[in-house]
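Some notes on the structure that comes next.
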Amino acid sequence: MTEKISIKKLAHSPKKIIGPALTLLPIILWMLAFFLVPLMFIVVVSFCTRGEVGDIIYTFTLSNYTKLINPLYIKIFINSVLIALFTTILCLVFGYPFAFIIAKAKKKFKPFLLLLIILPFWTNSLIRTYAMIILLRTEGLLNSFLLYIGIIREPLKLMYNDTAVMIGMLYMMFPFMVLPLYSSIEKLDMRFIEAAKDLGASPLKAFLKITLPLTKGGILSGSLLVFVPTLGLFFITDLMGGSKVVLMSNLIKNQFLTARDWPFGSAISVVLIIVMILFMSLYTKLGGTKEKSGVL
């Protein structure tokens, strides 16, 4: 009897495999056509050479990668990582209190507060960047208001520098930090905090010892969602930083569209992808360690 049942299961097992496989087939084909194949093409081109008129000569070389050792490109890379890091820290500093307020607000206010976070996604990011330019430029709304009330005597230089890029990045990436933090804080059991206070812990100590460790999952997720895309944003730097601020993303865009040096642009892209993968691996390792230790 047992053998008959096992034979029947084996007879029906191909159907059980074919069904999910057919369901996943469109997704697999999509990923192959629009992700894996272009990525492999970029990797191959990164080892090629540039022709005289900007064409690709399929001759193997490492010159595109050795060119990146130039101090100028190393400085651009370090500046890119620092701006992405500072943007992540600022988003965390400003986003954590806002996410905490939303998570602990009354149910009737939560939809409205969440709408304030989701609302920017309804508008094109390029339009939002131009709105920030109107706000921050020399004759913009902010400088005009500060001059009108007498706080400043001359307009502040808020555009075409690192500060402008940081403000633009913060404005663009803020929702990506708040939403994971909100999800993590909402699951927080307030009884742990109440117990800490009953045992004599100050609000600051209760936050550092209880709240912060229990929401590290949201912090790590939000930091990854902010840091990795920030490395690839080029239009904010172009529009708000001008020619004074050049990041890896701008360098890649210029190599493909202006210099027509696809092999070198591909090499920079591959290096940037490797850096992103390393940070994602670090996130996975930290998240796995915390989960195993019982903090998350």
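Tabulated data for the structure shown
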{"item": "Output for segment 52-78, where each listed residue is assigned to a helix (DSSP H, G or I) and not polar (S, T, N, Q)", "result": "Y65, K67, L68, I69, P71, L72, Y73, I74, K75, I76, F77, I78"}
{"item": "Test: residue in segment 79-91 that is part of a helix (DSSP H, G or I), over 28 Å from T237 (Cα atoms) and either in contact with a strand residue (DSSP E or B) (Cβ under 8 Å, 6 or more places away or on another chain) or not β-branched (V, I, T) (or both)", "result": "no"}
{"item": "Residue satisfying all of: in segment 274-296; touching a helix residue (DSSP H, G or I) at 6+ places or on another chain (Cβ under 8 Å) and either in a loop (DSSP other than H, G, I, E, B) or at pLDDT 90 or above (or both); surrounded by the most Cβ atoms within 10 Å (Cβ to Cβ) among these", "result": "L296"}
{"item": "Residues satisfying the stated conditions in segment 31-48, i.e. within 23 Å of the chain's Cα centre (by Cα) and over 21 Å from F264 (Cβ atoms)", "result": "M31, F34, F35, L36"}
{"item": "Cβ pairs under 7 Å, 6+ apart, first in segment 187-208 and farther than 17 Å from I101 by Cα, second at pLDDT below 80", "result": "none"}
{"item": "Some residue of segment 130-138 being outside any loop (DSSP other than H, G, I, E, B), touching a Phe, Trp or Tyr at 6+ places or on another chain (Cβ under 9 Å), at pLDDT 90 or above and crowded, with 18+ Cβ neighbours inside 10 Å", "result": "yes"}
{"item": "Qualifying residue in segment 229-249 (condition: under 18 Å from V93 (Cα atoms) and of a type in the set (V, I, T))", "result": "yes"}
{"item": "Test: F121 is more than 21 Å from the chain's Cα centre (by Cα) and of a type in the set (A, V, I, L, M, F, W, C)", "result": "no"}
{"item": "Output for segment 181-210, where each listed residue is crowded, with 19+ Cβ neighbours inside 10 Å and closer than 25 Å to L170 by Cβ", "result": "L181, Y182, S184, I185"}
{"item": "Given (1) among the aromatic types (F, W, Y); (2) assigned by TED's automatic domain parsing to the domain that holds D189; (3) at pLDDT below 90, index of the condition Y96 fails", "result": "(3)"}
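To keep it simple, each residue is scored yes or no on (1) at negative phi; (2) of a type in the set (S, T, Y).
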site: L220; (1), (2): yes, no
site: V226; (1), (2): yes, no
site: T237; (1), (2): yes, yes
site: G242; (1), (2): no, no
site: N250; (1), (2): yes, no
site: I268; (1), (2): yes, no
site: V271; (1), (2): yes, no
site: F279; (1), (2): yes, no
site: L286; (1), (2): yes, no
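The values are calculated or read from the model by the stated rules, or taken from the named source; none is laboratory data. Keep in mind the model is a prediction, meaning the values are calculated, not measured. Every residue, glycine among them, receives a Cβ derived from its backbone with ideal geometry; neighbour counts consider all protein chains shown.
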